[in-house]
């Protein structure tokens with residue numbers, strides 16, 4: 001069994017970087033997080049006026065964290081692994097809008113399609129736009145669409161077809177249109193993309209595809225914090241083919 005990493009850890013592996021140690025912070029128990037999420041979901045669905053879905057997403061992520069937590073006294077197992085099959089099935093039935101996975105992969109993920117539909121029915125324009133991007137980012141497989149799963153590593157990055165640049169541009173436009181909405185999440189998303197452009201070495205394709213994607217980024221986003229590093233990188237890739245590997249084993 002393996003735990004599917006959260007987006008930040010998946011990004012680190014795609015970049016070829018070690019995951020930094022994080023200071024533990026108190027987290028809600030699974031039952032508390034579940035109750036908070038379901039109460040907020042009921043409130044949103046009962047509302048007759050447009051609602052912000054930010055609190056609901058935060059509570060869904062709290063459920064995610066609580067179920068994926070690995071307490072010291074549980075022998076290395078995540079909380080979600082300790083449910084019996086009947087308990088697990090009942091939990092999945094209760095947690096509408098959150099996908100629970102056990103087996104070869106273990107993960108908990110807010111469902112993009114569910115939240116997108118909820119935003120269309122009860123959200124504000126900022127919520128509708130956010131979850132349209134959120135759904136486009138995660139795709140049907142609940143894996144970042146610009147990455148390709150691999151057997152021995154978390155995933156490689158699909159440089160070369162312009163997808164990274166399109167997604168980055170979409171999130172930039174969202175940040176400019178709705179600067180106060182989902183602010184921390186959007187800024188983290190942009191930072192993640194910028195690190196892929198500036199630092200990523202785990203490419204699915206060849207060197208030419210990486211160069212092409214980075215050149216497009218340099219042209220279209222010259223003011224990005226990552227632009228200088230991305231420009232330097234594609235120039236090095238062209239001039240010194242042995243200097244920076246672009247594939248991951």
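A short reminder: the numbers here are calculations on the coordinates, not readings from a lab. Everything numeric here is computed off the predicted structure, so don't read it as measured data. Quick reminder, even Gly has a Cβ in these numbers, built from the backbone with ideal geometry, and neighbours come from all protein chains shown.
Structure notes:
- Between residue 47 and residue 77, the contour length at 0.36 nm per residue exceeds the alpha carbon distance by 6.9 nm.
- Annotation: peptides 114-120, 187-193, ranked by per-residue average of other Cβ atoms within 10 Å with the highest first, follow the order 114-120, 187-193.
- In this calculation the C-beta distance from residue 142 to residue 229 is compared with R0 = 22 Å, giving a FRET efficiency of 0.15.
- For region 90-190, the alpha-carbon radius of gyration amounts to 1.18 times the rule-of-thumb value 2.2 N^0.38 Å expected for a compact globular protein.
- For region 146-249, the Kirkwood estimate of hydrodynamic radius, built from reciprocal distances between every pair of different alpha carbons, is 14.1 Å.
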